[in-house]
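Worksheet: the structure to be examined is printed underneath.
The values are calculated or read from the model by the stated rules, or taken from the named source; none is laboratory data. All of these numbers come straight from a predicted model, not from anything done at the bench. Here the Cβ positions follow ideal geometry from the backbone for every residue, glycine too, while neighbour counts run over all protein chains shown. Surface areas here come from the heavy atoms of the whole protein model, side chains and all, with no ligands, DNA or RNA. Shrake-Rupley method; radii C 1.70, N 1.55, O 1.52, S 1.80 Å.
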Amino acid sequence: MGTIDPKQMHIPQPIRESDGAGATDLGPRDVMRDMENPDMLVPPITDAGLVPNLKFSFSDAHMQLNKGGWSREVTVRELPVAKTLAGVNMRLTPGGVRELHWHQQAEWAFMILGSARVTSVDQNGRNFIADVGPGDLWYFPPGIPHSIQGLEEGCEFLLVFDDGSFSDLNTLSISDWFAHTPKEVLSANFGVPISAFEHIPSDQVYIYQSQVPGSIESQQVPDPYGTIEPGFVHRLMAQPPITTPGGTVRIVDSTNFPVSRTIAAALVEIKPGAMREMHWHPNNDEWQYYLTGQGRMTVFSGNGAARTFNYRAGDVGYVPFAFGHYIQNTGTDSLWFLEMFKSDRFADVSLNQWMALTPKQLVQSNVNASPELMNALRVAKWPVVKYPGIPPVVEQQHH
């Protein structure tokens, strides 16, 4: 594998063109990382004050490798500001199994690619077996046991838990319980001889390789107590999006996915040249996962403080409660990302809509607004905006 010749690329320097602030960096540096973070190397002149780090890449997270798949996680250990939610990125091979287990936290998931079979049983003895594919969600309430298994092509997905200090390696697993229970107790519990437990695991299995299961019809288990309804799965991509000139938004919370009582989310598409409008959330912090493309987010925390971060596929972003922010697509392809909240409802406040629905004289005098601005205010909320004649923001301009 060849190395990159610095002479063949433009090396960015921490010098802002608009005002000449900064100087060259001639010391040890990670040039590739600087190129990925142009707005951190050269912050916009409007950035100021102290805002904590609001970015962590799954590429910088520890990989837990098992036969049957892998996992990596971003928790408060990796991103200290993210106290409300934690995320796990997991891959299962064809037939790979995330073993029978349960959590003290709720589990919300988004299938990125491939397909899997999920199973569960609730406290009333009702079971649930379903196959999930790209764009599908599942949600398992705290304490409800479940499993995940990769189907023919395997799968990769994002898991989100409603506690920032959660770790997927600290899970209540069936194999772990078996391994740490005397065999005579297991014998008494199940009514079989001790010899029946000679080959149980000696430790937590976590992820293991198995055979690809047969059709879902062949795997059904007759349940006298019935099946869990309306179920733990939601087909997000089958949901009609909110469409604006700048992109699309699909919102999922307890209003259309009733079981999801502690996590609300939106799947956002920002087209090239568009942006997630200036807004904030009045219910909780925002935990983000970037799926495709590249963009930048500026977060305003009040008292003259604002900071800009660059994101690309595989990154986690975070916005503390009620902080104002916007996200711009800085690439040439659509930017897709998830925004999630520890809440039963999705809620956001649009700066544009707030101003449009406030007495005009008050708005005009508050920010010395021009007639052009006042006439452009919209009473209808556009989560993603794009206007003709407005030049796109392209990340490469900083290189």
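Being at pLDDT 95 or above, in contact with a Phe, Trp or Tyr (Cβ under 6 Å, 6 or more places away or on another chain), of a type outside the set (A, V, I, L, M) and over 21 Å from V249 (Cβ atoms): is that true of G324 here?
no
So P80 ticks every box in (1) touching a residue at least 24 places away in the same chain (Cβ under 8 Å); (2) surrounded by fewer than 20 Cβ atoms within 10 Å (Cβ to Cβ); (3) more than 27 Å from V319 (Cβ to Cβ) but one. Which box is left unticked?
For P80, the exception is condition (3).
Quick one: is A313 free of Cβ contacts under 8 Å to residues at least 12 places away in the same chain and aliphatic (A, V, I, L, M)?
no
Going through Q353, Q361, Q397 one at a time, which residue ends up being over 17 Å from A82 (Cα atoms), open to solvent by 70 Å² or more (accessible area, probe 1.4 Å), at pLDDT 95 or above and not in a strand (DSSP E or B)?
Matching residue, one of Q353, Q361, Q397: Q361.
Among (1) farther than 30 Å from R77 by Cβ; (2) open to solvent by 50 Å² or more (accessible area, probe 1.4 Å), which single condition is I174 missing?
(1)
Looking at S167, S187, which is the one that is open to solvent by 20 Å² or more (accessible area, probe 1.4 Å), in contact with a helix residue (DSSP H, G or I) (Cβ under 8 Å, 6 or more places away or on another chain) and over 25 Å from G226 (Cα atoms)?
Going through S167, S187 in turn, just one is open to solvent by 20 Å² or more (accessible area, probe 1.4 Å), in contact with a helix residue (DSSP H, G or I) (Cβ under 8 Å, 6 or more places away or on another chain) and over 25 Å from G226 (Cα atoms): S187.
Of all residues in region 106-141 being outside any strand (DSSP E or B) and in contact with a Phe, Trp or Tyr (Cβ under 8 Å, 6 or more places away or on another chain), which is surrounded by the fewest Cβ atoms within 10 Å (Cβ to Cβ)?
In this case the residue turns out to be N124.
Would you pick out the residues in region 279-310 that are open to solvent by 20 Å² or more (accessible area, probe 1.4 Å), touching a residue at least 40 places away in the same chain (Cβ under 8 Å) and in a strand (DSSP E or B)?
W280, L291, T292, Q294, R296, S301, R307
From the list R276, R250, which residue is open to solvent by 10 Å² or more (accessible area, probe 1.4 Å), of a type in the set (K, R) and either in a loop (DSSP other than H, G, I, E, B) or under 15 Å from E339 (Cα atoms) (or both)?
R250
Report, ordered by the first and then the second residue, all pairs with beta carbons closer than 6 Å, sequence separation of six or more or different chains, a first member in region 91-105 that is over 19 Å from P145 (Cα atoms), and a second member that is among the aliphatic types (A, V, I, L, M).
Once the first residue is over 19 Å from P145 (Cα atoms) and sits in region 91-105, its partners that are among the aliphatic types (A, V, I, L, M) give P94/V212; G95/V212.
Out of the residues in region 232-245 meeting the condition of being assigned to a loop (DSSP other than H, G, I, E, B) and modelled with pLDDT of 95 or more, tell me which one is most open to solvent (accessible area, probe 1.4 Å).
Taking the candidates together, the pick is P240.
When the residues of region 36-69 are narrowed to those that are polar (S, T, N, Q), in a strand (DSSP E or B) and open to solvent by 30 Å² or more (accessible area, probe 1.4 Å), which ends up farthest from N89 (Cα to Cα)?
N66
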